[in-house]
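For reference, the structure is listed below as structure tokens.
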Amino acid sequence: EYLKGIEWKRNIHQQFGTKLIETFSYERQEGTLISNLREKLLNAGCEFEPLSKNIMFNRLEELGSIENFVELLGDFLNLRKSNNFPDSQITSKAEKSFDSKRALAFLEIFQEIHKSYQQYLIEKKEVDFNDQILKATDYINRGRYVPIYKYVLVDEFQDVTVAKANFIISILKKTLSCKLFCVGDDWQSIFRFQGSDLSIMTQFKKWFGFYYRIFLDQTHRYDSNLLNLSSKFILKNPKQITKNLTTNNENINKSIFLFKSSSDDETDLNRILKEISLASNGQGATVLIIGRYNHDKPEDMTVFEEYTNLKIKFMTAHLSKGTESDFVIVIGLSSRKLGFPSAISDDPLKYLALSERDDFPYAEERRVFFVAITRAKKGLYLIEDKNNPSIFTQELRKGEYKKLVSIH
């Protein structure tokens, strides 16, 4: 279709005698796009009227480009510090990246911003969170502080960044009798965009040496149906640590329900909430509606107040981590760009300051979905887009899950 479009444009311009200026993607990759375009336009008789920097800045601001760039700089600053990779490593990744010209130009700008930011902190006698970690590590390594700890306890270890791991290592090296105790779940690692590096947990020996691992293999939250489904789902990624979980709540009845959406989200939710309310036999129950993004939240939550025996709340999948509810309804399960899994990719520039990505398709989104569905204690309801169903719900419709899911 793309090649047909090119041919059509060429024919149209030839037919009507108009001038067609062609550019090519390889020119952008080679860094010659602008100079070649300028030459082609001059040869076509164009006269340039360069805009002033102020006008260009104002135009970019009107388009929202300045705000987006500032946000990108802020995110990159946080990632750069939380992983604390050497400048040479980041530059090397930029040189090897697909759009190296853009990456190197960004780093040139960022270095100036970084210097100004650090100077600002010095002048204000302030310190940010990442610098607290980096400075503490430096003080220990240089002997300015001698730790005397017998134990280092780390919770949510799957969310540890490179800088935090190096901080822990600095303590252990200076106190040989110190014991490290970590608790974490690699299946729930969902904060890579904030700098967490899952490989620190999955490759623990490489970072910390000999260790002894104990599996907390019993769940007290959800039943056997959800346990079997969620375990099968998360372990599709071979890089996740294999765990054989058990539960005391053996359930022979279906407790996972998959619905196709109607044209009205409110109708879908009301149908499910009515079912939950009736099944609760007048007893109170909590219901958590989970979406991938804040925009998934129903416009008017007050319409559900008629279910007086239900406590209903909306959360995004990320915010739901650490919570639980009697019933969970996951909405927004579509294959759209802002669906679940999300098809939005972070700006490639962020990867310069991040550890290498897991190459399994939708690896982190799979963990986000796992977190969302395992908030349910008694029942899980999934509403998929009938026109553009999520690849996750399409997977759950297959044979190995069929015995666990009630499909509507």
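Each Lys or Arg adds one and each Asp or Glu subtracts one; over the other residues with Cβ under 10 Å from the Cβ of Trp187, this totals +1. Beyond 16 Å, what percent of the Cα pairs of segment 328-401 remain? Considering segment 328-401, 57 percent of its Cα-Cα pairs are separated by more than 16 Å.
Matching the structure-derived semi-axes √(5λ) of the Cα gyration tensor in Å against the labelled list (1) 43, 36, 20; (2) 52, 21, 18; (3) 64, 26, 18 gives the label (1). The mean sequence separation of alpha-carbon pairs under 8 Å and at least six residues apart, normalised by the residue count of segment 172-307, gives a relative contact order of 18 percent. As a fraction of the 1.4 Å probe accessible area of the chain, surface on carbon and sulfur atoms comes out at 53 percent. 3J(HN,Hα) couplings calculated from phi for segment 160-171 with the Karplus curve 6.51 cos²θ - 1.76 cosθ + 1.60 (θ = phi - 60°) are, in sequence order, 5, 9, 4, 4, 5, 4, 5, 4, 4, 4, 4, 5 Hz; Gly and Pro show x.
For the chain, the relative contact order comes to 16 percent (Cα pairs under 8 Å, sequence separation of at least 6). Convert 25 °C to kelvin, take the viscosity as 0.890 mPa s, use the Kirkwood radius over C-alpha pairs of segment 140-239 as Rh, and evaluate the Stokes-Einstein diffusion coefficient in µm²/s, rounded to a whole number. The diffusion coefficient I find is 159 µm²/s. The mean of 1/r over all distinct Cα pairs in segment 19-68, once inverted, gives the Kirkwood hydrodynamic radius of 13.0 Å. Of all beta bridges that DSSP places with both ends in the chain, some 5 percent have antiparallel geometry.
Between segment 326-342 and segment 39-66, the C-alpha centres lie 41 angstrom from each other.
In sequence order, segment 346-354 has phi-based couplings of 5, 4, x, 4, 5, 5, 5, 10, 10 Hz under the Karplus curve 6.51 cos²θ - 1.76 cosθ + 1.60, θ = phi - 60°, and Gly or Pro positions carry x. In terms of overall dimensions, segment 30-143 has a Cα radius of gyration and Dmax of 19.6, 69 angstrom. In this structure the amide hydrogen of Ile329, modeled in the peptide plane, comes within under 5 Å of the amide hydrogens of Leu288, Ile289, Ile290, Tyr381, none closer than 5 places in sequence on its chain. Global dimensions of segment 189-260 from alpha-carbon coordinates: Rg and Dmax equal 15.7, 49 Å. Look at the alpha carbon pairs under 8 Å that are at least 6 residues apart: their mean separation over the length of segment 300-408 gives a relative contact order of 37 percent. Plainly put, segment 180-304 has a radius of gyration that is 1.05 times its Kirkwood radius, both from alpha-carbon atoms, as the Rg/Rh ratio. Each principal axis of the Cα cloud of segment 237-332 was taken in turn, and the coordinate range along them, longest first, works out to 43, 32, 26 Å. Size of segment 268-323: Rg and Dmax of its alpha carbons, in Å, are 11.7, 32.
The values are calculated or read from the model by the stated rules, or taken from the named source; none is laboratory data. For clarity, every value in this text was computed on a predicted model and none was experimentally measured. With ideal geometry, Cβ positions are generated from the backbone for all residues, glycine too; neighbour counts draw on all protein chains shown. These area figures cover heavy atoms from the full protein model, side chains too; ligands, DNA and RNA do not enter into them. Shrake-Rupley method; radii C 1.70, N 1.55, O 1.52, S 1.80 Å.
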